[in-house]
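*Asks:* One structure, as structure tokens, below. Some questions next.
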Amino acid sequence: MVGETLKFWLMIAWLLPLAGFVVEIFFGFYSKNPRHSKAAAWCAVGCIGIGFLCSANALRIWGNANEWCVLEAAEHGDPGDTQADAGHHETDSAEHQTAYSGVIYTLGVFGSLEVTLDYYIDSLTLVMFTMVTLIATCIHVFAIGYMSDELTDEYVDHSAHTSDGGHVHRPGRFYRFFAFMSLFCFAMLGLVLAGNIFQVFIFWELVGICSFLLIGFYTERKTASDAANKAFIMNRIGDFGFLIGLMVLWTFFGTFRFGDTVVDEQVVDQGLFSMVHRDGTGNVARDEVTGDVLITDTHGHVLTNEDGSNRQIPYYLLVVIGLGIFAGCVGKSAQFPLQTWLPDAMEGPTPVSALVHSATMVAAGVYLAGRFFPMFVQEVLLTIAYTGCITLFLAATIAMVATDIKKVLAYSTISQLGYMMLGIGVFGWAAGLFHLITHAFFKSLMFLCSGSVIYGCHHEQEMPKMGGLLWKMPITAFTMLVGVCAISGFWLPFGLHFSGFHSKDAIVASALAFIHANPAHFMLFLIPLLTAGITAFYMFRMWFYTFVGKPRDQHVHDHAHESPWVMTVPLLILAAFAWFCAYGGESGHLYLMLTGDEPSHLAADVTAATAGGINLPGHAAIHAVHDDAGRWALIAALSGALIAYVLYGTNVVNVEEIKRQLGGVHGFLANKWYFDDLYDALFMKPAHKVAAFCAWFDGAVFDRILHGAAKSMIVVSKWDRVFDETVVDGFVNLIASATQSVGASLRVVQTGRLRQYVMFIVLGVVALFAVMFTTFPG
Amino acid sequence: MPAELNSYLLVGAVLFVCGVICMATKRNAIGVLMGVELVLNGANVNFVAFSKFTTLGLDGQVFSLFVIVLAAAEAAVALAIVLNFYNNHLTVDVDRGNKLKG
Amino acid sequence: MSLFFTIFALAACLGAVAVVISQSVVRMAFWLVVSLGSVAGLFFLADADFIGAAQLLIYVGGTLVLLVFGIMLTASGPYMKIPASPGETVVAGLIGVMFLFMVFATINGVDWDGSRDRIMAATHQTEGATGFDDRSEGNTLRPLGFALLGVRPDVPNGVAGAGYLLPFEIASVHLLVVLIGAAYLARAKRRQDVV
Amino acid sequence: MINTLAANSLTDALTGPLPLLGWDISSDTAFVIAAIIHAVLIFHVFALCPFFLIWLERKGSGRIQDRLGPTRVGGRFGWLQSLADGIKLIQKEDLCPPVADAMLFRSAPYIVCLASFAAFVVLPFSHSWVAVSADCGLFILLAILSLEVFGIIMAGYSSGSKWSLFGGMREAAQMVSYEIPLAICALIPIVSAGSLNLGEIGDMQSGHLGNWFLFHDPFTFVAFFVFFVVLTAGCKRAPFDLAEAESELVGGFHTEYSGMRWSFFFMGEYASMFALCGVAAILFLGGWHTGIPGVDGLLQEWRTRGEFTPFGYLANVIGAGVFVSKAAFGVFVQIWLRWTLPRLRIDQVMITCLKYFVPISCFLFLGATVWPLLFMFVWEQTTIYPEPLGKRAAEIWSVRHDDSESNESVSTDADAGSSNDSESIEVELSSGQYVASTNKNVDLQLQSDSSEQTALAASIEVRQ
């Protein structure tokens, strides 16, 4: 019953943006005055706003039904209760059902493959829904102000140039922007709601296309269209792995569904999550002889094929599935080595960067990794952890030297996504997703702030031209400061810690617990810790660069102004959430809800060496090291912030001098570790070479063959023509002339005199009668 | 009864033949039309006679009714054609309408 | 009875002959009225009241007035005559006579009584088996109406579908088409203004 | 039709040995004699109609124009004026213009007269006082009257005068057009009555005023006035007298006529006026019934005693008087209109017909058809009257059928195996199914054998 109610509200929240998209794209185009009307924007805001209300309502219903997971928290979170066994959670969830799944609509049935639209609703779904709709609402409102330049019949794009060197003039695309945003919201919510991995893939591609459209929104700019292409292609590489994973999955499991299909408390259709059973050590159940992984039902009983043998899957293929799915996540979340598209994606309008490329879409990779966690084996998780670790360091270092305010934020985003991946990889499932939520708030906040700055500075994005804007745009500056503090993870007394403090601490704590259990992988703790400092450094560097100090470009400074209320109000709302959304930390509602649906095998602390050679830290182990980790991280962040203050907040040190002295390193970082060049040399150039060869081959070989064939056909045709004209035509002409001569001789009968015809008829009848009479007398 | 039937049929035959001759000799288009009417009436007389004197029964009357109705329709169309003919040739002499002669 | 028949038959035949002989179109119309009116009289005599009345109303009252109207519209002068050549007349007359002879021969050559009896025997009918005696009184209005609506009370055993509902409907649609078609054909041609 | 010619049993009365002379008259001879008797009677009506009506016209026009009109001939009121006119016209020279088509010119008045005269054949003057009681009497009457126009066209064309030709053409156009609303309006009471037999239609309206078709339903009420206007045009009476139009066409189609031939046109015109007004009286105004409940009932009772009984005969005489009064009043109204209203133009005449009367009459026809259905579905009864019209009609028919059956179709009775008693029960049972019950054999067949056909018959029956 609760499941149906939740489904109802979430379906509304999901489908409203689609309706909004349809209305905006059609009525926007056909409305009377599409270039000057804000109707499309308010339509989009209305749709997503109502969607937020529905989501929040669904969250409330779920929370009430599950008592906000406080009971479970009392059991799990209590440090003294370390004896909780793996089976505990299952019995518990039987009493409090937290995950609801079912079929929305069956798209088609192909043999045993059933392509359906399913839903899978648990706390993660609901939290994601609420977060996405809330942030999207704020960003939509913000965009009304930010995109108001487009409300014109003749928009002058100063960044795009025509062939004669002038600026591009084009009609405004206000309504189109909001239509795309609505479509994106629909796709993103669909991705979150999806109840099977194939459906996830569908919406995965849909958010991809929305991202493509929005990155390339200023399509006249070559940089923008290139960036859109780059994002799309990079994502395709990841999606290729995703597809491989799906194929293997389908071959061995025969279903895409996450959850079990339950009818009258009987499981009628096994979901993926219950097919891979974990024993008490957190290992997957395996066949004792072959070593293959057994496929089980909900209660751990092994499923059998039709011939009676056990259904099983080779272990390495389970690894392939995990790596394949994770490849998709790597592409979507811009992880190493596919991280290069995200900074370029900043070519899109800033609200897009805030919504798509920081808070939601790029987080979808992390979300999927979290959602699919029950299917990941240790090898995969280790890969995830290292990928995240590399990414977070790499991106943070580049962020230190970036000068474009949005690029800084973009690298920061990559870095933070790396944190999340790391969290998931080191069994800090809840920590990674916790950081996903908090990061969404403060990163979208900072992007909007940067958007406000850019808007206030008349589309100036380079930080070296800013400075001293603090009192020009105070609301923007202070909300940005909230965001910066949040991402740095600062601690405040009375529990008023910034949200980043809680979430990053959780990840670092997980990592610390992990290396305690597996000392060989100590890098997985050290690098994040170091990067925590770097994060604080580059964030405060950005803030100081922008808002304090002397104005570096007087022209920009003079014309800077605070943004209108439609832009500042969303900032204030988001700032509040960025500060307080994680209120209470590990005993706060948000974290408890997430742990409520944590995969069951993570609860216990398992130290026994397993096949993968990895030891699993349980909740208790993580909790034990939490305070240590928090202190280390805070020290790192404070020192990073201090360095930033010294370098950029004061005039004590000449930054340029340092930059010059570290020229080599700086260049390396400023060129993004030469990844673009590397890819260019590795893939682009060979591809161009191959293409050039193909073109040559086409022209030299294929075309000659074709031309020869054509010439020979011409010769044949000439002969055919001769035959046609003499033989065929002659025959036809013969018939025609014969017909004509017969007609000419018969035309005499046609006198054209009506009365004679009557006479002929009568004569004919009489003659017929005479013949009959003489032939058959009587 | 056969004598009576025969006399009806004879009347019908006379009407029919007169109609045919009328169609064959009249150069006036309307005269031709009248010939057609006579022919149709000859047939009608036969139908009604058969209806009365043979097993044809009511069907004969129904047929002649249809003949009358359709003859009226035919006359209307034919007259319209004649008017068109007159508009084009300024005469109703059917011998002038010999454009289709071979 | 035979007196009236003789009168009407003679009038009909002589009228028809007069139609052939007359040169003036209007006289032809007059004689045609005489002939068709007499045929209507023959119909009355043959107990076909409704057909006779329809003949009078539609033919004489409608079609012939229409024809005279047409004559007036197309006459290029008073008492217009378009004489046929004597040769044609003679040939047509000869052929007509041959034709008449042929028809007469056919009529007299058929054994009507025998064929009637054979048909009755084949269809197992007896005289008056249907008991439908209205026909003999000339009151065929109702049976005709029934027949046109698809019901045949006069047919033995009440064969369903022996009626004429469909032809009736087709005829009415046909009349409508003719109405429109005739109006279209005879419409006043409007000259196309050259702009 | 020939068999129904002697519907009032005159033939039967004549057949057999003549009482006084002892001649044995065969049925054929009796038939001829009966026909002649009828013809003579009708000829008298035909001749006396114009005689009286022309006098009425003169007196009426005189009074309307504030004159006295004829006063002297015949003593008072000039009542013999028409006779004097007739004598004068007979004496006149019978002229035929040299350019005229003599044969047509001379025969045209006869066609007109013949048509008007023949129309009286099916016109009943009282209950069973009719020369031919044909089942499609109204149809025949309208058909024969439509012949009249042919004579007028002939007259117009053959006179060799342009006035006459114009008159003839106008008449042709006008008559061809006005016949349509005339026929449709005549059909409206027919829809209610379910019979084309004028005698039956008249008999259905006995009883009281409410039984007149004029008051039968709103559509017939309106239809009567449309019918009357259209028949005025059909008789080419003013204001529709475009064919004569003295002021523009001199005399129209009769410009060239003189003497007796000229008077024939007028005899035909007045006779057809009377005939059509008579039709209007039968169709709408109760025919030969007074419309007074007590009187009608009494007369009806008298009639049942037999046609040739004194009271039955008296009832028919009274009925004929009532009928002639009604028809004459209709003619009087036409005269009244003629001397009151100005003449229309020819295009106005045509527009009045084609743009107004045809659509109006079509609408009325539709309404009259739907009206019983309205009663069926709204009030679940077929009529507002206690006694359905169909039942009355069925009774009339069965009475008439009994009369003829007694001497004609005894064998049929035996074949059918049903007595008259059972038939009357049948009729009462199926009073709504009037059409089906018109022939008892049909009735039996439909009732007993085929429910499908019954349903069909019920669906096509004329309700009321």
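The values are calculated or read from the model by the stated rules, or taken from the named source; none is laboratory data. Keep in mind it's a predicted model, so treat the numbers as computed, not measured. For neighbour counting, all protein chains shown are included, and Cβ atoms are generated from backbone atoms with ideal geometry for every residue, glycine included.
Yes/no matrix, rows are residues, columns are (1) in contact with a Ser or Thr (Cβ under 9 Å, 6 or more places away or on another chain); (2) in a helix (DSSP H, G or I); (3) exposed (fewer than 10 other Cβ atoms within 10 Å of the Cβ):
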| residue | (1), (2), (3) |
| --- | --- |
| A:His707 | no, yes, no |
| A:Val715 | no, yes, yes |
| A:Asp724 | no, yes, no |
| A:Asp729 | no, yes, no |
| A:Leu734 | no, yes, no |
| A:Ala738 | no, yes, no |
| A:Leu746 | no, yes, no |
| A:Gly752 | no, no, no |
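*Asks:* Quick check on segment A:253-302: of everything there that is touching a residue at least 40 places away in the same chain (Cβ under 8 Å) and polar (S, T, N, Q), which residue is farthest from A:Ile614 (Cα to Cα)?
*Replies:* Once the filter is applied, the top-ranked residue is A:Thr261.
*Asks:* Taking C:Ala84 as meeting all but one of (1) farther than 30 Å from C:Leu141 by Cβ; (2) touching a residue at least 40 places away in the same chain (Cβ under 8 Å), write down the number of the exception.
*Replies:* Going through (1) farther than 30 Å from C:Leu141 by Cβ; (2) touching a residue at least 40 places away in the same chain (Cβ under 8 Å) one by one, C:Ala84 breaks only (2).
*Asks:* Hey, another quick one. For segment C:39-62, give me the residue count where each residue is surrounded by fewer than 23 Cβ atoms within 10 Å (Cβ to Cβ) and free of Cβ contacts under 8 Å to residues at least 12 places away in the same chain.
*Replies:* Within segment C:39-62, residues that are surrounded by fewer than 23 Cβ atoms within 10 Å (Cβ to Cβ) and free of Cβ contacts under 8 Å to residues at least 12 places away in the same chain number 2.
*Asks:* Looking at segment A:227-264 only, could you name the residues that are closer than 21 Å to A:Ile295 by Cα and either hydrophobic (A, V, I, L, M, F, W, C) or over 26 Å from the mean Cα position of the chain (by Cα) (or both)? Full working, then the answer.
*Replies:* Residues of segment A:227-264 closer than 21 Å to A:Ile295 by Cα: A:244-262.
Answer for segment A:227-264, where residues must be closer than 21 Å to A:Ile295 by Cα and either hydrophobic (A, V, I, L, M, F, W, C) or over 26 Å from the mean Cα position of the chain (by Cα) (or both): A:Ile244, A:Leu246, A:Met247, A:Val248, A:Leu249, A:Trp250, A:Phe252, A:Phe253, A:Phe256, A:Phe258, A:Thr261, A:Val262.
*Asks:* Name the single residue that is farthest from the chain's Cα centre (by Cα) among those in segment B:46-65 being within 8 Å of chain C (Cβ to nearest Cβ) and more than 22 Å from C:Asp117 (Cα to Cα).
*Replies:* B:Val62
*Asks:* Exactly one condition in (1) surrounded by fewer than 24 Cβ atoms within 10 Å (Cβ to Cβ); (2) farther than 30 Å from D:Val295 by Cα; (3) modelled with pLDDT of 85 or more is not met by D:Leu187; state its number.
*Replies:* Checking D:Leu187 against (1) surrounded by fewer than 24 Cβ atoms within 10 Å (Cβ to Cβ); (2) farther than 30 Å from D:Val295 by Cα; (3) modelled with pLDDT of 85 or more, the one that fails is (2).
*Asks:* Specify which of the listed residues (C:Gly62, C:Gly41) is in a helix (DSSP H, G or I), under 24 Å from C:Ala186 (Cα atoms) and at pLDDT below 90. Full working, then the answer.
*Replies:* On the way: C:Gly41 fails: under 24 Å from C:Ala186 (Cα atoms).
Being in a helix (DSSP H, G or I), under 24 Å from C:Ala186 (Cα atoms) and at pLDDT below 90 holds for just one of C:Gly62, C:Gly41, which is C:Gly62.
*Asks:* If C:Asp47 satisfies every condition in (1) on the phi < 0 side of the Ramachandran plot; (2) within 11 Å of chain D (Cβ to nearest Cβ) but one, which is the exception?
*Replies:* Answer for C:Asp47: the failing condition is (1).
*Asks:* While we're looking at this one, here's another question. Quick check: is even one residue across segment B:66-87 under 13 Å from the mean Cα position of the chain (by Cα), more than 14 Å from chain A (Cβ to nearest Cβ) and of a type in the set (Ser, Thr, Tyr)?
*Replies:* So the first thing to find is which residues in segment B:66-87 are under 13 Å from the mean Cα position of the chain (by Cα), and the list is B:67-75, B:78.
Cutting the leftovers down to more than 14 Å from chain A (Cβ to nearest Cβ) gives us B:67-75.
Now restrict to residues that are of a type in the set (Ser, Thr, Tyr): none.
No.
*Asks:* So C:Lys81 fits all but one of (1) over 30 Å from D:Leu145 (Cα atoms); (2) part of a helix (DSSP H, G or I); (3) within 14 Å of chain D (Cβ to nearest Cβ); (4) not hydroxyl-bearing (Ser, Thr, Tyr); what number is the exception?
*Replies:* Against the list (1) over 30 Å from D:Leu145 (Cα atoms); (2) part of a helix (DSSP H, G or I); (3) within 14 Å of chain D (Cβ to nearest Cβ); (4) not hydroxyl-bearing (Ser, Thr, Tyr), C:Lys81 comes up short only on (2).
*Asks:* Pick out the one residue from C:Val19, C:Val34 that is surrounded by 22 or more Cβ atoms within 10 Å (Cβ to Cβ) and either assigned to a helix (DSSP H, G or I) or at the interface with chain D (Cβ under 9 Å from one of its Cβ atoms) (or both). I'd like the intermediate steps shown before the answer.
*Replies:* Values: C:Val34 fails: surrounded by 22 or more Cβ atoms within 10 Å (Cβ to Cβ).
Testing whether each residue is surrounded by 22 or more Cβ atoms within 10 Å (Cβ to Cβ) and either assigned to a helix (DSSP H, G or I) or at the interface with chain D (Cβ under 9 Å from one of its Cβ atoms) (or both) leaves just C:Val19.
*Asks:* If you don't mind, there's one more thing I want to ask. Taking D:Phe31 as the residue in question, decide whether it is under 29 Å from the mean Cα position of the chain (by Cα), outside the structural domain of D:Ala155 (by TED's automatic domain parsing), at pLDDT 80 or above and not aliphatic (A, V, I, L, M). Even if it seems obvious, please write down each step before you answer.
*Replies:* Details: under 29 Å from the mean Cα position of the chain (by Cα): yes; outside the structural domain of D:Ala155 (by TED's automatic domain parsing): yes; at pLDDT 80 or above: no; not aliphatic (A, V, I, L, M): yes.
No: the conditions fail for D:Phe31.
*Asks:* Considering segment C:90-112 alone, what residues qualify as being surrounded by 13 or more Cβ atoms within 10 Å (Cβ to Cβ) and either more than 25 Å from the chain's Cα centre (by Cα) or at pLDDT below 75 (or both)?
*Replies:* The one that is surrounded by 13 or more Cβ atoms within 10 Å (Cβ to Cβ) and either more than 25 Å from the chain's Cα centre (by Cα) or at pLDDT below 75 (or both): C:Val91.
*Asks:* Write out, first by first residue and then by second, each pair whose Cβ atoms fall under 8 Å of each other, whose residues are 6+ apart or on separate chains, and whose first residue, in segment B:24-35, is under 9 Å from C:Val25 (Cα atoms) and facing chain C (nearest Cβ under 7 Å) while the second is of a type in the set (Asp, Glu) and surrounded by fewer than 24 Cβ atoms within 10 Å (Cβ to Cβ).
*Replies:* Taking only residues 6 or more apart or on different chains, the pairs are B:Asn28/B:Asp93.
*Asks:* Follow-up question, since we're still on this one. Given the conditions (1) without any contact (Cβ under 8 Å) to a residue 12 or more places away in the chain; (2) not in a helix (DSSP H, G or I), and given that D:Tyr313 satisfies all but one, which numbered condition is not satisfied?
*Replies:* (2)
*Asks:* Would segment C:103-112 turn up any residue that is in a helix (DSSP H, G or I), under 24 Å from D:Ala155 (Cα atoms), not acidic (Asp, Glu) and not assigned by TED's automatic domain parsing to the domain that holds C:Arg187? Lay out the reasoning, then the answer.
*Replies:* Step one: filter segment C:103-112 for residues in a helix (DSSP H, G or I), giving C:103-109, C:112.
Now restrict to residues that are under 24 Å from D:Ala155 (Cα atoms): none.
Looking for residues that are in a helix (DSSP H, G or I), under 24 Å from D:Ala155 (Cα atoms), not acidic (Asp, Glu) and not assigned by TED's automatic domain parsing to the domain that holds C:Arg187, one finds none in segment C:103-112, hence no.
*Asks:* Step by step: first the residues of segment C:139-172, then only those that are modelled with pLDDT under 60 and touching a Gly at 6+ places or on another chain (Cβ under 9 Å), then the one that is farthest from the other protein chains (Cβ to nearest Cβ). Which residue is that?
*Replies:* C:Gly161
*Asks:* Report yes if A:Asn615 is surrounded by 18 or more Cβ atoms within 10 Å (Cβ to Cβ) and assigned by TED's automatic domain parsing to the domain that holds A:Pro343, otherwise no.
*Replies:* Against the criterion (surrounded by 18 or more Cβ atoms within 10 Å (Cβ to Cβ) and assigned by TED's automatic domain parsing to the domain that holds A:Pro343), A:Asn615 qualifies.
*Asks:* Scan segment D:115-164 residue by residue and report those that are more than 7 Å from chain C (Cβ to nearest Cβ), free of Cβ contacts under 8 Å to residues at least 40 places away in the same chain and either acidic (Asp, Glu) or more than 30 Å from D:Ser206 (Cα to Cα) (or both).
*Replies:* Of everything in segment D:115-164, just one residue is more than 7 Å from chain C (Cβ to nearest Cβ), free of Cβ contacts under 8 Å to residues at least 40 places away in the same chain and either acidic (Asp, Glu) or more than 30 Å from D:Ser206 (Cα to Cα) (or both), namely D:Lys162.
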